[in-house]
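Worksheet: one structure, shown below.
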């Protein structure tokens, strides 16, 4: 079972990793984690089941980090220190960066992903303990990719390689709330991370849903134009079906087109209607 002494060991493990030695924001994360330790602001808690159905591994309140001890304790003993270290790096990055919520969530995953790749590969030698400390892990610490804990990081790592970490984060319901993503954010970021063609179909559907809901109050034709761009980014019926399943009520999309586009997008809309056999507006189709 993990205890308070493991917190310092977990931070030290990251500090001696090659990932931390590369630099970037790692030194600031380490400095902030040690500062929290000195103020006794990193602790273990037992969390209730997460609303999203997942497991809360850790979280951050202003100026403090809490780790789900039950979750870490249920991991194989040889995985616990590495898992705790990864959780602290994730939450410590949140504590370090001052980004808007969704960018903060991306940043808080990127650094741990690189650290996970080291832990699941060559491993990191634990400088904190040796065989003279019974019950503690010593030697080289590794994370196994096919464990419950490791598989989640492996999925994130695979997504980052494809420039799809955004999609991975947005597949978690908690991060689709308005404080994370809104219509303006979508418009600004459509061409980033490989553009629309590189977005998961579920992400494209989420984009359509958010944009269509926003049109009802903003009447901004740029949002309707973006919806069309997203719809035109799919070529296969199966892809269209998956995307539209996430796009919300068809009536909301129809209303968005009706109140914001006039006739300047009518040809594109009609083409989509004929291609997919769906009515996207109440306009009569052209002969």
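Computed from the coordinates by the stated procedures, all read-outs in this text should not be read as laboratory data. These numbers come from a predicted model, not from an experiment. Cβ atoms come from the backbone with ideal geometry, glycine included; neighbour counts cover every protein chain shown.
Computed from Cα atoms, the angle from the helix 4-15 axis to the main principal axis of the chain rounds to 70 degrees. Legend: P(r) of segment 147-208 from all alpha carbon pair distances, 5 Å bins from 0, whole percents, reading 4, 17, 27, 26, 15, 8, 3, 0.
In the chain, helices alone account for a calculated mean residue ellipticity at 222 nm of -17000 deg cm²/dmol, with every DSSP H run of four or more residues adding -39,500 (n - 2.57). Placing a label point 7 Å from the Cα of residue 34 along the Cα-to-Cβ direction, the residues of segment 1-17 with a backbone N closer than 18 Å are 5-17.
Here, segment 4-162 is characterised by an Rg to Rh ratio of 0.93, where Rg is the alpha-carbon radius of gyration and Rh the Kirkwood radius. Computed over the chain, the alpha-carbon pair-distance distribution with 5 angstrom bins reads 1, 5, 11, 14, 15, 12, 9, 8, 7, 6, 5, 3, 2, 1, 0, 0, 0, each value a whole percent.
Over segment 97-205, the reciprocal of the mean inverse Cα-Cα separation, the Kirkwood hydrodynamic radius, stands at 15.9 Å. Take the Cα of residue 189, step 7 Å toward its Cβ, do the same at residue 158, and the gap between the two points is 2.2 nm. When DSSP beta bridges are restricted to pairs lying wholly in the chain, around 65% turn out antiparallel. Label-to-label distance for residue 140 and residue 78 is 1.2 nm, based on points extended 7 Å past Cα in the beta-carbon direction.
At 0.890 mPa s and 25 °C, plugging the Kirkwood radius over alpha-carbon pairs of segment 163-287 into Stokes-Einstein gives what diffusion coefficient in µm²/s? In µm²/s, the coefficient is 168.
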